[in-house]
Amino acid sequence: MSAVITLANAVAETLADFHAEVLFFPDYELRDIEEMKVVVVPLAEEYKPLSRNQHEEILKVQVGFLKRGCEDELPELLRTVEGLGLGFLNKPLAGATCVGVAFNPIYSPEHLRERNQFTSVIELAFKQFR
């Protein structure tokens, strides 16, 4: 199995309390979302040489959060997402260590305004040495 897929599964296991699942083509209708939906998507593998015999691997996964919501709920939802994202920083998982956490977008104003849907995406970068 690909290292990034193994890592995505490990991230989903870490977020098991939120019923996170690994999906390759996430697609949801708002009417299908009763509680917060957490989706983990394998995103990228990058390789960088360190020497002739060594290289590092940067594995990236995205974690999406979807929930029906309104503006009043935004502060609590943001605290939850930020706390979960920062909880991965420096955390070892599946033979790699989280070296970067990016929130992009921390939330989508368009989704909130137009669909009453909270949408947030965390990009996690893990480094693996070989």
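The values are calculated or read from the model by the stated rules, or taken from the named source; none is laboratory data. Keep in mind that this is a model prediction, so the values were computed, not measured. A quick note on method: Cβ atoms are made from the backbone with ideal geometry, for glycine too, and the neighbour counts reach across all protein chains shown. To get the accessible areas, we keep the full protein, side chains included, count just its heavy atoms, and leave off ligands, DNA and RNA. Shrake-Rupley method; radii C 1.70, N 1.55, O 1.52, S 1.80 Å.
Candidates in region 63-117 are the residues that are part of a loop (DSSP other than H, G, I, E, B) and under 23 Å from residue 2 (Cα atoms); of these, the one that is least open to solvent (accessible area, probe 1.4 Å) is 88.
If you filter region 1-21 down to residues that are surrounded by 18 or more Cβ atoms within 10 Å (Cβ to Cβ) and in contact with a helix residue (DSSP H, G or I) (Cβ under 8 Å, 6 or more places away or on another chain), you find that the one that is farthest from residue 127 (Cα to Cα) is 20.
For region 102-130, the set of residues classified as within 18 Å of residue 10 (Cα to Cα) and free of Cβ contacts under 8 Å to residues at least 24 places away in the same chain is empty. In the set (1) touching a strand residue (DSSP E or B) at 6+ places or on another chain (Cβ under 6 Å); (2) within 29 Å of residue 5 (Cβ to Cβ); (3) surrounded by 15 or more Cβ atoms within 10 Å (Cβ to Cβ), the condition left unmet by residue 55 is number (3).
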